[in-house]
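The values are calculated or read from the model by the stated rules, or taken from the named source; none is laboratory data. Since the model is a prediction, treat every value here as computed from it, not as a measurement. Heads up, the Cβs are rebuilt from the backbone with ideal geometry, glycines too, and the neighbour counts pull from every protein chain shown. Protein only, heavy atoms only, side chains kept; ligands, DNA and RNA dropped before computing areas. Shrake-Rupley method; radii C 1.70, N 1.55, O 1.52, S 1.80 Å.
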Amino acid sequence: MPYLKTPLNFRDNGRAEVVVEGTRELYDQVLFFAVRTENGELPLEPAFGCSNSLFTRDKQSGLTASMALFWPQVTVNRVTESEPDATGTKNMNIDYEV
């Protein structure tokens, strides 16, 4: 089943670009959404996501729990973060396997 690709983009024929099920691109997108979605933010799926990752030291446990519930084929092995750069931006690296 195809999923809409984000950011949303349209081809020349007017169809939306999609991500194919089972691809690394899909799982990267799913993990991105899980990290950016706070628990309780989605009324129909309040368990999806993580607690606010900005203030949480153990980001891996929340992400692992969310993936186990919604995408059990994804196993989160390790989550690391860089130190803030001059603009205050931190990069997060998620090591996972399917």
To the nearest 10 degrees, how steeply does helix 59-70 sit against the main Cα axis of the chain, on a 0 to 90 scale? 40
Can you give the net charge of the other residues whose Cβ lies under 10 Å from the Cβ of E17, counting K and R as +1 and D and E as -1? +3
Quickly estimate the mean residue ellipticity at 222 nm for the chain, helices only: each DSSP H run with n ≥ 4 gives -39500 (n - 2.57), and the total goes over all residues, rounded to 500. -8000 deg cm²/dmol
Charge dipole (debye, nearest 20) of the chain; +1 at Cβ of Lys and Arg, -1 at Cβ of Asp and Glu: 80
For the chain, what is the relative contact order in percent, using Cα pairs closer than 8 Å and at least 6 residues apart in sequence? 15
Using a 1.4 angstrom probe on heavy atoms only, work out the carbon and sulfur share of the accessible area of the chain in %. 53
With every protein chain kept in place and ligands, DNA and RNA left out, what is the accessible area per residue of the chain? Probe 1.4 Å, answer in Å². 71
Determine the gain in length on full extension of the stretch Q73-F32; use 0.36 nm per residue of separation and subtract their C-alpha separation, reporting nm with one decimal. 13.2 nm
Residues meeting the amide H criterion for V19 (H placed from the backbone, H to H distance under 5 Å, 5 or more places apart or on another chain) are Y3, L4, K5
Treat each spin label as a single point 7 Å out from the Cα along the C-beta direction, and report the L44 to T23 distance in nm. 2.4
Return one number: the angle in degrees, 0 to 90 and rounded to the nearest 10, between the long axis of the Cα atoms of helix 24-36 and the longest principal axis of the Cα atoms of the chain. 50
